[in-house]
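Heads up: the structure comes next, in structure tokens.
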Amino acid sequence: MGLEPVRGAAKVSLRRWLRRQLQQPDALREHLEASIENDDPAEARRIVARFEFSEDQRHHVDRLLDEWERELGT
């Protein structure tokens, strides 16, 4: 019985981080959350590209998206 990573951990991390960064719910944020819920990282990337983030924030969200895609095997 080894410890295995929680499946979907990157997806959960991504959703939590974006909710903290995008505190005001709007249509674009809802669309982003739907893309995450529907396991559509390509759509999430297109939506995230429309938001203004600092360089550090952009790097972080890109890393989370990369991890999520690896978990999905895409």
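Top to bottom by accessible area (1.4 Å), largest first, where do 50, 29 land?
My answer, sorted largest first, is 50, 29.
At 0.36 nm per residue, minus the direct Cα-Cα distance, what do residue 46 and residue 70 gain on full extension? Give it in nm, one decimal, please.
Stretched fully, the residue 46-residue 70 segment lengthens by 6.9 nm.
Write down the accessible area per residue of the range 15-74 in Å², having rolled a 1.4 Å probe over the full set of protein chains.
Using a 1.4 Å probe on heavy atoms only, each residue of the range 15-74 averages 68 Å².
Would you work out what percent of the accessible area of the chain, with all protein chains in place, is carbon or sulfur (probe 1.4 Å)?
Looking at the chain in its full context, I get 48 percent from C and S.
Please state the relative contact order of the chain as a whole percent: Cα pairs under 8 Å, 6+ residues apart? Each step should come with its number before you reach the end.
Values: 35 pairs, mean separation 34.8, N = 74.
Relative contact order comes out at 47 percent.
Based solely on its DSSP helices, what 222 nm [θ] is calculated for the chain when runs of n ≥ 4 H residues each add -39,500 (n - 2.57) and the sum is averaged over all residues, nearest 500 deg cm²/dmol?
Calculated at 222 nm, the ellipticity per residue is -21000 deg cm²/dmol.
Would you kindly state how much longer the chain becomes between residue 12 and residue 55 on full extension, computed as 0.36 nm times their sequence separation minus their alpha carbon distance, in nm to one decimal?
This chain segment gains 13.3 nm when fully extended.
On a 0 to 90° scale, report how tilted helix 27-37 is relative to the longest principal axis of the chain, with both axes built from alpha carbons and the result rounded to the nearest 10.
10 degrees
The values are calculated or read from the model by the stated rules, or taken from the named source; none is laboratory data. Note that this is a predicted model, so its numbers are computed, not measured. Just so you know, the surface numbers come from the protein's heavy atoms only, side chains and all, with ligands and any DNA or RNA stripped out. Shrake-Rupley method; radii C 1.70, N 1.55, O 1.52, S 1.80 Å.
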